[in-house]
Amino acid sequence: MLRSANCGSLRSENTDDQVTLAGWIGRRRDHGGIIFLDLRDRSGIVQIVFNPETASEATRIAEELRPEWVVQVKGTVSLRPDGSENPVIATGNIEVMASEVTVMNRSLTPPFYIEEDSEADESLRLRYRYLDLRRPPMLRNLSLRHEVVKYIRNFLNDRNFLEVETPILIKSTPEGARDFLVPSRMQPGSFYALPQSPQQMKQLLMVSGVERYYQIARCFRDEDLRADRQLEFTQLDLEMSFVEEEDILNLTEDLYTGMIESVTPDKALRKPFPRITHKEAMDRYASDKPDLRFGLEMTDISELATETEFRVFLSTIEGGGQIKGFVVPGQAQFVTGQVKELEETAKAAGAGGLVHIRYRGIKPVVQLTGEEILESAGLRMPPEWHQRLCDKMGAGPGDMILLMAGHQPRLNHWLSSMRTHIGTLLELTDPNELAFAFVTSFPLFDWNDDAKRWDSSHHPFTSPADGQEFDLDGEDLGAITSKAYDLVCNGSELASGSIRIHNRQLQEKIFGILGHSKEEIESQFGQILEAFEYGAPPHGGIAPGIDRLVAILCDSPSIRDVIAFPKTQSGSDLLFDAPSRIDQKQLEELSLESTYEGE
């Protein structure tokens, strides 16, 4: 071995030990001939001391050392002199008095500092990702990710699950986002698809009698990117036979609570996880992934709004829309400039505007004077009306009410964006707190107004709620609920799952409602439909995202910080310069024609 100990493992009890260390040079300080430098490996940092009186040759070499050179150091562990301890690092009570140093490799000057708090541009960090990953925060993120996956495997193995790998090259089927396609050389003109998820395969494993399956699965979706979305991502894929919804939710809750208490015990975890129906979540929080760390719950005031002469309210209600909003407690002191900023935030989310009411008095609202009720232009209602509004919304003197007018689902989207903005603005969220919840009873279908068709709310393999199979022949398909459920935390969706359809006739009916012809159904889904005729058991599952969970546990705003080699928001890999053009010979081997400009 090229080292006898790790840099970050040395402590006071190692005093007088002879050690051999190896790692990267961090900061270097020259104090009157004595040289101090930080030596770093994955385990941490230790201070190395080169004294010319006791190690002249090693000190001579140390004068040439520069940041990020790889060196081997031999020396003796010693307690630091009184007053020179560094409580910030774990090895802060000791240092290593060097006797020998060997340069194992030199380094160019890095394009950014390899330090804890380096603030390099993200594009530069991704271009030199192998340097970025040397930084302690990134190493901690990868280590935490490892601990999360390790806990998941141990937890499920102990509960009789089988880890089964499923193919990466599969058939393209319409299940949501665009597929990534892979041309076949051996079958010209035919294509594989990279899996958006192993959905059909895990259901086929249930038909196979596996009964309890899991996989740390790689998934691929050709879709627009954002902070919590990548073209390729990792999820825990989990499926069980002979279970009901509550069995899966209980197992998931046990997994998450045990994992978080084990790998991040400093996090404040709310237990047990509440169950909220989709309708309740939309009514109360205007979101199907609500952040439950704070209130700001919604109220529909459409009936009261009809008493006003405010044209925006009246025209919206006449067109079938709603007037809805929430109370911001104790914030009547917002000045005009702050209210203007809120209005601009609402417009940035897509809303036409924002109505505000500020109750600045301290008496019962009904006794307020006109000067104490500050309303948006055009509203101007008498104090008696405001008293009824306050009673309905739970507001009072000193509070501010924010209202929006619109049609669903856009209205809820605007309100949710404003609620999140207010929560951040007023610092209502504790980053150390984890507020999980299960959102259940999603609609089975969503109406796609652009395409004028019904789409699956989750995916087409989701079972309708008990007794609602008969409603599939009716006209009000939007009223049918499903056995689908999500796990949400702090405003993010972390997992999605459902009890699956395991009957061929029911599955074919769902496909038909979604607009697939009999020929398309047989061509794209024939394999799973046939399998359902060979004794398919009742089954269901859930697919928690690994990247989003670890990002929350690391307090990272982007999942790119918990993935070793992520893509940029434009889908580019700056390290490997991908995607890139393909050589003409490769195209010909795949029976593809070039579409490059000028060719």
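A377 meets all of the listed conditions (1) in a loop (DSSP other than H, G, I, E, B); (2) open to solvent by less than 40 Å² (accessible area, probe 1.4 Å); (3) of a type in the set (A, V, I, L, M, F, W, C) but one, namely (2). Scanning for something open to solvent by 30 Å² or more (accessible area, probe 1.4 Å), small (G, A, S), under 28 Å from E244 (Cβ atoms) and in a loop (DSSP other than H, G, I, E, B), does segment 567-579 turn up at least one residue? Taking every residue of segment 567-579 in turn, none turns out to be open to solvent by 30 Å² or more (accessible area, probe 1.4 Å), small (G, A, S), under 28 Å from E244 (Cβ atoms) and in a loop (DSSP other than H, G, I, E, B). When segment 435-460 is filtered for residues that are touching a helix residue (DSSP H, G or I) at 6+ places or on another chain (Cβ under 6 Å), assigned to a loop (DSSP other than H, G, I, E, B) and under 29 Å from D254 (Cβ atoms), the ones remaining, listed by number, are S441, F442. Is it the case that segment 464-481 has a residue that's in a strand (DSSP E or B) and either modelled with pLDDT under 95 or under 28 Å from G295 (Cβ atoms) (or both)? Yes - at least one qualifying residue is present in segment 464-481. Residues that are among the small types (G, A, S) and more than 27 Å from I152 (Cβ to Cβ) were ranked within segment 174-224; the one that is least open to solvent (accessible area, probe 1.4 Å) is S184. Tell me whether segment 117-128 contains one or more residues that are under 25 Å from S262 (Cβ atoms), open to solvent by 30 Å² or more (accessible area, probe 1.4 Å) and either free of Cβ contacts under 8 Å to residues at least 60 places away in the same chain or outside any strand (DSSP E or B) (or both). No; the residues of segment 117-128 include none that is under 25 Å from S262 (Cβ atoms), open to solvent by 30 Å² or more (accessible area, probe 1.4 Å) and either free of Cβ contacts under 8 Å to residues at least 60 places away in the same chain or outside any strand (DSSP E or B) (or both).
Sub-9 Å Cβ pairs linking a first residue in segment 564-589 that is touching a residue at least 40 places away in the same chain (Cβ under 8 Å) to a second residue that is open to solvent by 100 Å² or more (accessible area, probe 1.4 Å) and among the acidic types (D, E), at least 6 apart or interchain, are Q569/D224; G571/D224, ordered by first then second residue.
Looking across segment 544-561 at every residue that is among the hydrophobic types (A, V, I, L, M, F, W, C) and open to solvent by less than 20 Å² (accessible area, probe 1.4 Å), the one that is farthest from G512 (Cα to Cα) is identified as L553. Checking each residue in segment 54-86 for being open to solvent by 60 Å² or more (accessible area, probe 1.4 Å), of a type outside the set (K, R) and part of a strand (DSSP E or B) picks out only L79. For segment 493-535, residues that are touching a strand residue (DSSP E or B) at 6+ places or on another chain (Cβ under 8 Å), of a type in the set (G, A, S) and outside any strand (DSSP E or B) total 1. Of all residues in segment 149-183, those satisfying the criterion of being of a type in the set (A, V, I, L, M) and more than 12 Å from P198 (Cβ to Cβ) are V149, I152, L156, L162, L169, A177, L181, V182. Filtering segment 138-173 to residues that are under 18 Å from the mean Cα position of the chain (by Cα), over 24 Å from L204 (Cβ atoms) and either among the charged types (D, E, K, R) or open to solvent by less than 80 Å² (accessible area, probe 1.4 Å) (or both) leaves M138, R140, N141, L142, S143, L144, R145, E147, V148, V149.
Matching residues to (1) at pLDDT 95 or above; (2) of a type outside the set (V, I, T); (3) out of contact with any strand residue (DSSP E or B) (no Cβ under 7 Å at 6 or more places or on another chain):
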| position | (1), (2), (3) |
| --- | --- |
| M393 | yes, yes, no |
| G398 | no, yes, no |
| H413 | yes, yes, yes |
| S417 | yes, yes, yes |
| I422 | yes, no, no |
| T429 | no, no, yes |
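When P544 is tested against the conditions (1) at pLDDT 95 or above; (2) out of contact with any strand residue (DSSP E or B) (no Cβ under 8 Å at 6 or more places or on another chain), the lone failure is (2).
The residues on offer are T440, T462, T420, and the sole one that is open to solvent by 60 Å² or more (accessible area, probe 1.4 Å) and polar (S, T, N, Q) is T420.
Counting only strands (runs of 3 or more DSSP E) that sit completely within segment 235-350, those holding 3 or more residues that are open to solvent by less than 40 Å² (accessible area, probe 1.4 Å) and β-branched (V, I, T) correspond to 322-328.
Table: residues versus (1) among the aromatic types (F, W, Y); (2) open to solvent by less than 30 Å² (accessible area, probe 1.4 Å).
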| residue | (1), (2) |
| --- | --- |
| S4 | no, no |
| G8 | no, yes |
| V19 | no, yes |
| R27 | no, no |
| H31 | no, no |
| F36 | yes, no |
| G44 | no, yes |
| P52 | no, no |
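Consider segment 423-434 and keep the residues that are out of contact with any helix residue (DSSP H, G or I) (no Cβ under 8 Å at 6 or more places or on another chain) and part of a loop (DSSP other than H, G, I, E, B). The one that is surrounded by the most Cβ atoms within 10 Å (Cβ to Cβ) is L426. Being under 16 Å from D38 (Cβ atoms) and within 24 Å of the chain's Cα centre (by Cα) holds for only one residue in S84, S123, S107, S118, and it is S118. When we screen L472, L494, L529 for residues that are without any contact (Cβ under 8 Å) to a residue 60 or more places away in the chain and under 24 Å from the mean Cα position of the chain (by Cα), the only hit is L494.
The values are calculated or read from the model by the stated rules, or taken from the named source; none is laboratory data. Here the structure is a predicted model, which is why all the values come from computation and not from measurement. Cβ coordinates were reconstructed from backbone atoms using ideal geometry, including for glycine residues, and neighbour counts include every protein chain displayed. With ligands, DNA and RNA removed, areas are computed over all heavy atoms of the protein, side chains included. Shrake-Rupley method; radii C 1.70, N 1.55, O 1.52, S 1.80 Å.
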